[in-house]
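The values are calculated or read from the model by the stated rules, or taken from the named source; none is laboratory data. A quick note: this is a predicted structure, and the numbers were derived from the prediction, not measured. Positions of Cβ are backbone-derived with ideal geometry, glycine not excepted, and every protein chain shown enters the neighbour counts. The protein model used for the area step is the full one, side chains on, heavy atoms only, and it has no ligands, DNA or RNA in it. Shrake-Rupley method; radii C 1.70, N 1.55, O 1.52, S 1.80 Å.
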Amino acid sequence: MTRFRLSMIALVAICLLGAPAWAADDDASKAETAERVVVRGAEELGGPIVPHRFFGDLRDLPRLPMWEPGDSYLVNPRRSLDEIDTFFTPAKLDPLLARQQEVGTRGAAASSQLLSFEGVDTGASPPDPSGDIGKNYYIHAVNASSFAIFDKTDGSLVAGPTAMDSLSSGQCAAGAGDPIIVYDDLAERWLMTEFTNIGNNDLCLYVSMTDDPVTGGWCAYEFQDSSFPDYPKWGIWPNVYMATSQQGNSPPVYAFDRENMLNCDAARPTQKLTGPGLPGLGFEIFTPANVDGAAPPNGSPAFLMRHRDTELGNQGPPGMPDEDILEIWQFEVDWDTPANTALTQLPDIMVSEFDSNLCPPINQFSCVPQPNNGPRLDPLLEVIMNQLVYRNFGTHETLVGVLQTDIGDFEDHSGERWFELRKTGQGDWQLHQEGTWSPDAEHRFMGTIGMDRAGNILLGYALSSTTTSPSVRYTGRLASDPLGVMTEPEQELVAGTGRSFSSRFGDYSHMGVDPVDDCTFWFTVEYTEGVGNTANQIGKVVFPSCLEAGGIFDDDFETGDTGEWDAGAP
């Protein structure tokens, strides 16, 4: 295809408004954002882009062999080792652990595990598993951009595994990795994405023509950037396919023409804005919000987030006490006048202190232990994990996410920090609840989180230690539970064996919610299966109370939610 180079269409303006947050208000939980930044005026990444249309049956495409013990691995480049400006700080116990320990978990699970089966494995390290659930199928993908389609009723293989670029007929023929699968609830379509080999700097998008990914047809689009779009993450909003990527200390945000792509028409030029970098980081990325369930209010901007550890790399003032920051940004796209497209920082959310300085000063990428002296694993501390979940309940909007933290009770102990934000009407986003999940000495990392239509939360993750092989487990909470705690006893999706041969483990996991019942969670996480062998498990879990309630969200559940809790209750 013809490739288009960058053309600047507007000046990028950065406006700094207001005083630093730590000087603005003694009540840090209500503090305004540190520096109100507005980045305005998008550059265009060529276009319009005419898609390739694929009308075949995916069951007829050549199948890629599944990896078997003894086969070689495809090892992706390691992330930079100089990305964090580290320093020594004494270990501090995570301030949210006491709440979790005080409340405890239920005596019996309120969730039900419906399916657990192995996904695609093509021998890539890390595999970077991604997957989402549609009306009839689950699509799963791993590095080397291999994907497969499974029947949602029993997990049986329907089509694949096959290469994404087999849908492109020359476009995106160098498809290489970091695949993401997202089901577009609002349009009942599929979006599959990948990047091409380093040097091409391409992002490839495959949009299904119908809800049927097997025989309904696909439209393939290829877009080129001036820099390599590493670690892309995606969110669906009514007026945009929104993406972010890792480009060092200059984190970009992209807008793709969802409207025309859903019609398989030529897509308007992709728009790109570059946000301000954070001190002390060379690997950073915004995490875009993805809509689950009902659409946002008409005209609502899209949202992105990232986190700031104020003690790391001078991201906050010296001596800032016991609070860290969740940044929220809104993304407004003007397809007619890209000069008006804007990325605007919203008021910061001050949260309880978390610790992103795990395994300093040189081993932050090789930190989580394995049995038998296996290589220590990379916990991915720099980003809010895939993916950030948006829901509109009518009475309020929510954002739910998870990040990794050093919980501080043992030396370099990885745990899951999760949060729920809420926004009512035209008000600002506010912290509704936050918690840290780390019930024992095991390390939990590579988290992924979801929320169903009743407001229940499920948290999936990898787990490893010197005595436990990398495995997949999960926990959760009902909307009626006390705030700030996971009340589900930890459940195992699959037990690992052996150890990984590489510190590169996953890079991300992925969770989605069934668009038919809006209750059933589907998620995929990497684990180990023998010495040097890794695999990717897919799980299906539901809270039956969500199905029984018909999805009616009880906004009065906060009454008494800080009262006594019977840990032995069902």
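Over all directions, how big on average is the projection of the convex hull of the alpha-carbon atoms in the stretch 400-516, in square nanometres? Intermediate values should be presented prior to the final figure.
Details: hull surface 36.2 nm².
For the stretch 400-516, the mean projected area of the Cα convex hull comes to 9.0 nm².
At 1.4 Å probe radius, can you tell me the per residue accessible area of the stretch 374-473 in Å²? Let's see the in-between values first.
Numbers: 2290 Å² over 100 residues.
I get 23 Å² per residue for this part.
Given points 7 Å out from each Cα along the Cα-Cβ axis, report the V38 to S112 separation in nanometres with one decimal.
Label-label distance for V38 and S112, simple model: 5.2 nm.
Answer with one residue from V531, Y508, Y474: the one whose Cα lies farthest towards the positive end of the charge dipole of the stretch 468-552, charges on Cβ with Lys, Arg +1 and Asp, Glu -1.
Of the candidates, V531 comes out farthest on the positive side.
Principal axis extents for the stretch 96-189, Cα atoms only, whole Å, descending order, please.
Principal-axis extents of the stretch 96-189 (Cα, largest first): 58, 29, 29 Å.
Taking all pairs of different Cα atoms in the stretch 489-545, averaging 1/r and flipping that mean, what Kirkwood radius in angstroms comes out? Before the final figure, lay out the partial values.
Numbers: mean 1/r = 0.0777 Å⁻¹.
After inverting the mean inverse Cα-Cα distance, the result is 12.9 Å.
Heavy-atom accessible area per residue, the stretch 188-228, 1.4 Å probe: how many Å²? Show your work: numbers first, answer last.
Numbers: 970 Å² over 41 residues.
With all protein chains present, the stretch 188-228 gives 24 Å² per residue.
If packing is taken as the average count of other Cβ atoms within 10 Å, what order do 484-496, 522-534 fall into, highest mean first? Can you show the working numbers first?
On the way: 484-496: 20.4, 522-534: 24.2.
Output ranking for 484-496, 522-534: 522-534, 484-496.
Report the full-extension gain for the segment A98 to D440: residue separation times 0.36 nm, less the Cα-Cα distance, to one decimal in nm.
Details: separation 342, 0.36 × 342 = 123.12 nm, distance 1.27 nm.
In short, 121.8 nm is gained.
Let's test this: bin the Cα-Cα distances of the stretch 447-502 at 10 Å from zero up to the farthest pair and state each bin's percent.
Calculated P(r), rounded to whole percents: 23, 44, 23, 11, 0.
Give K92/K540; K92/K423; K152/K233; K135/K423 a once-over and call out the pairs whose C-alpha atoms are over 26 Å from each other. It would help to have the intermediate numbers written out before the result.
Values: K92/K540 36 Å; K92/K423 31 Å; K152/K233 24 Å; K135/K423 29 Å.
Exceeds cut-off: K92/K540; K92/K423; K135/K423.
Assuming 0.692 mPa s and 37 °C, estimate D for the stretch 144-192 with Stokes-Einstein, Rh taken as the Kirkwood radius over Cα pairs, in µm²/s. It would help to have the intermediate numbers written out before the result.
Values: Rh = 12.1 Å.
Using the Kirkwood radius from Cα pairs, D works out to 271 µm²/s.
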